[in-house]
Amino acid sequence: MANRRPVIAGNWKMFKTISEAGDYAVKFLDEVKDVTDLDIVLCAPFTALHALKNELEESIVHIGAQNMAWADQGAYTGEISAQMLLDVACTYVILGHSERREMFGETDQEIAKKVQQALAVGLTPILCCGENLHLREEGQAVERVQGQVSRALSDLSIEDLSRIIVAYEPIWAIGTGKTASSQDAQEMCAAIRATLTELMGRTAEKVPILYGGSVKAENIGELMKEPDVDGALVGGASLDPLSFAKLIKNAGPLVARMEGI
Ligand code: PGA
């Protein structure tokens, strides 16, 4: 039985002003305050993070960012450092999201440096990977995803590797309403765990692997039944506090997954 605590993370992408974020946090916390059997993370735009700090710091809802620079500080116009994220009470950071890879040209090398930087300051990286439709149809999805994971993580110590989260997000399922079947999600999450096992041995059993791509309150329960799917990274369905709280409550029953924690 898996010995991993599930994680549900919301990715707001480029939505919500400061006041919208503050209102959301108050309503959301009220809905989820009694949830104890999984970790909840809200990944907000940089400008909204301080509003989340005011409402959520030291609550059960963890705060995350959606990107970060690989450098400590310096002449990097427009970038945000890991230290700056700690300053606004972030404990998580999404790295290598497909929208950053596809639209902003992020490479595996840059993502690897960002993962190292996040770990160096104590942030938990949520490393994203995923194939596009063409690669899936050509039967190259597993190779692509395993390659992304190993290129991002191959320079890390086992101790560092044990502090990461991986999110499998097939590009064709993001924001399209098309979810991967639970079986497809399981197959890829198991393939990712096989790559992690090559890198870190049996400690790979401890790494949470999330699925992302059109996850909703209606399909989270099915996905969570799969043995290697340890939670979800949720975009569109995280934008409304009440429906995201419902999605989180529908992620159970979780007790069976968590024996031994
Ligand atoms: P979606 O986005 O839930 O809107 O498909 C997921 C993501 O990109 O993280």
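Taking segment 122-180, which residues are outside any helix (DSSP H, G or I), within 15 Å of the ligand (Cβ to nearest atom) and farther than 23 Å from residue 202 by Cα? Matches in segment 122-180: 130, 131, 132, 169, 170, 174, 175, 176, 177, 178, 179, 180. Of all positions in segment 179-201, none carries a residue that is touching a residue at least 24 places away in the same chain (Cβ under 8 Å), in contact with a Gly (Cβ under 8 Å, 6 or more places away or on another chain) and within 21 Å of residue 93 (Cα to Cα).
So, in segment 186-235, of the ones that are among the charged types (D, E, K, R) and under 14 Å from residue 247 (Cα atoms), which residue ends up nearest to the ligand (Cβ to nearest atom)? Looking at the filtered set, the residue picked out is 216.
Within segment 68-90, is even one residue under 23 Å from residue 207 (Cβ atoms), within 15 Å of the ligand (Cβ to nearest atom) and under 19 Å from the mean Cα position of the chain (by Cα)? No, segment 68-90 contains no residue that is under 23 Å from residue 207 (Cβ atoms), within 15 Å of the ligand (Cβ to nearest atom) and under 19 Å from the mean Cα position of the chain (by Cα). Is segment 36-52 home to any residue that is part of a helix (DSSP H, G or I), more than 30 Å from residue 109 (Cβ to Cβ) and open to solvent by 30 Å² or more (accessible area, probe 1.4 Å)? Yes, the conditions are met somewhere in segment 36-52.
The values are calculated or read from the model by the stated rules, or taken from the named source; none is laboratory data. It should be emphasised that the depicted structure is a prediction, and the values quoted were computed from it without experimental measurement. Because the Cβ atoms are built from the backbone with ideal geometry, glycine has one as well, and the counts that use them run over all protein chains shown. Accessible surface is based on the protein model in full, side chains and every heavy atom, while ligands, DNA and RNA are left aside. Shrake-Rupley method; radii C 1.70, N 1.55, O 1.52, S 1.80 Å.
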